[in-house]
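Let me begin by presenting the structure, written as structure tokens, before commenting on it.
The values are calculated or read from the model by the stated rules, or taken from the named source; none is laboratory data. Everything quoted here is computed from the prediction, not taken from an experiment. Note that we place each Cβ from the backbone using ideal geometry, even for glycine, and neighbour counts take in every protein chain shown. Ligands, DNA and RNA are excluded from the accessible area calculation, which covers all protein heavy atoms including side chains. Shrake-Rupley method; radii C 1.70, N 1.55, O 1.52, S 1.80 Å.
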Amino acid sequence: MVKAGSELRIDGGGKPLWLVLELTYKCPLKCPWCSNPLDFAEITDELTTEEWKKVLREARELGTIQLGFSGGEPMVRKDLEELVAEAVKLGFYTNLITSGMGLTKERLSELKRVGLQQIQLSFQHSDPQINDAMVGAPSFDAKMSAAEEIKAQGFPVVLNVPISRYNIEDADGLIALAEKLGFEYVEFANVQYYNWALLNRAELLPTREQLETAEARIIQHRERLGKDMTIYFVVPDYFDGRPKACMNGWGTIHFTIAPDGKALPCQEARVIEGLEFPNVRDHALEWIWKHSPTFMKYRGNSWMKEPCVSCDEKETDFGGCRCQAFLLTGDAANTDPACSKSKHFHIIQSAIAAAETRQPPRMPLVMRTKGAVSHKLKEPVGTSRI
């Protein structure tokens, strides 16, 4: 299988090249693999329009160039078009990451007018009923309408498919759907196991055979379609034996601003207990990026333990994902358990073994809804939780 980690080293020269604005955690869908926090419903004090504009100005001054508007569902924010217009004026490359819910012809026209440059639209399955069951809400028809209008208005678009056990065997159907819609890009992004996805890992994780079969089919479609469509297939790092180079290293090229203004080195960083994430309401982005203890915490390699300290790959994979290390071992400074050199690698192996022996899924998933879980996962998630 294709290596899960990023082989491309991006050196931002100390600048945060890539910024994600999580405008809101509100969303009409209930995806059980959502990356939003388990307590998302408790985070209600969203930044105002003017506060988001201040973030944009300060990020651009720091040298940020790539900007993603995300959520939840960013279309929930009525000021999205105003924020896109501000970002375009400042010189950002703008990307909307959406489920398509609320993406009407009128709003698309306004986004086009103010200069939005790309859209990532998610689908879960080519079968409408399965798609809707996976997200816990009627959505397929709305997604199709949005997709057709996106193409009609001439946006570059990526069909984004979060892959799990529930849809990994639908590669042919999803590529056929992309062809029908005239999409130039498709990304099969295997679910990464944090937050809601980790809570549902026992049901979502596919088998190695399923991954290999899906990848083989996608390779065949690549050969058939040639330059007409670019198809990405991102394998989960569970199956690689080496961790992914998460965000090209902690606090190196990327940061996320959460709806309540907390600045995060990655979208999942809130899961790490004991860190105090600085808020853009209290600090300038320049200080947060260059001096805040949280962004400095795992930057570089001085924090590393063995086997990372002695590993000749530490400048390539940076010890893997700090969030995954914390969630699966209880210590964010540990080697990512996805690495075969980690003393906790058995946790990953056990999860894979359980996937190999599990019966076909029957949708016993914990959907992303308010009150679905009463507390955050406090204990490390190991074999006992599979």
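Points to keep in mind about this one:
- Residue check for Phe40: open to solvent by 10 Å² or more (accessible area, probe 1.4 Å), of a type in the set (Phe, Trp, Tyr) and under 30 Å from Ser164 (Cα atoms): yes
- Scanning region 127-140 turns up at least one residue that is farther than 29 Å from Glu212 by Cβ, at pLDDT 95 or above and among the aliphatic types (A, V, I, L, M).
- Whenever a residue of region 153-171 is more than 23 Å from Trp196 (Cα to Cα), its partners that are among the β-branched types (Val, Ile, Thr) and open to solvent by less than 30 Å² (accessible area, probe 1.4 Å), lying with C-beta atoms within less than 8 angstrom and at least six residues away or across chains, give the pairs Phe155/Ile119; Pro156/Ile119; Val157/Ile119; Val157/Ile150; Val158/Ile119; Val158/Val186; Ala171/Ile218.
- Candidates Ala263, Ala214 - the one that is open to solvent by less than 30 Å² (accessible area, probe 1.4 Å), in contact with a strand residue (DSSP E or B) (Cβ under 8 Å, 6 or more places away or on another chain) and not in a helix (DSSP H, G or I): Ala263
- Residues being under 22 Å from Val191 (Cα atoms) and in contact with a strand residue (DSSP E or B) (Cβ under 8 Å, 6 or more places away or on another chain) - total across region 148-167: 9
- A single entry from Gln118, Gln124 fulfils the requirement of being more than 28 Å from Lys290 (Cα to Cα), surrounded by fewer than 16 Cβ atoms within 10 Å (Cβ to Cβ) and under 22 Å from the mean Cα position of the chain (by Cα): Gln118.
- Where helices (runs of 4 or more DSSP H) sit wholly within region 47-141, those with at least 2 residues that are acidic (Asp, Glu) occupy 49-62, 80-90, 105-114.
- Residue in region 280-288 that is under 14 Å from Gly14 (Cα atoms), open to solvent by 90 Å² or more (accessible area, probe 1.4 Å) and outside any loop (DSSP other than H, G, I, E, B) present: yes
- Pairs are defined by a Cβ separation below 9 Å, a sequence spacing of at least 6 or placement on different chains, a first member in region 208-231 that is on the phi < 0 side of the Ramachandran plot, and a second member that is among the basic types (Lys, Arg) and open to solvent by less than 50 Å² (accessible area, probe 1.4 Å); the pairs so defined are Gln210/Arg165.
- Test result for Phe183, farther than 23 Å from Gln267 by Cβ, outside any helix (DSSP H, G or I) and open to solvent by less than 10 Å² (accessible area, probe 1.4 Å): yes
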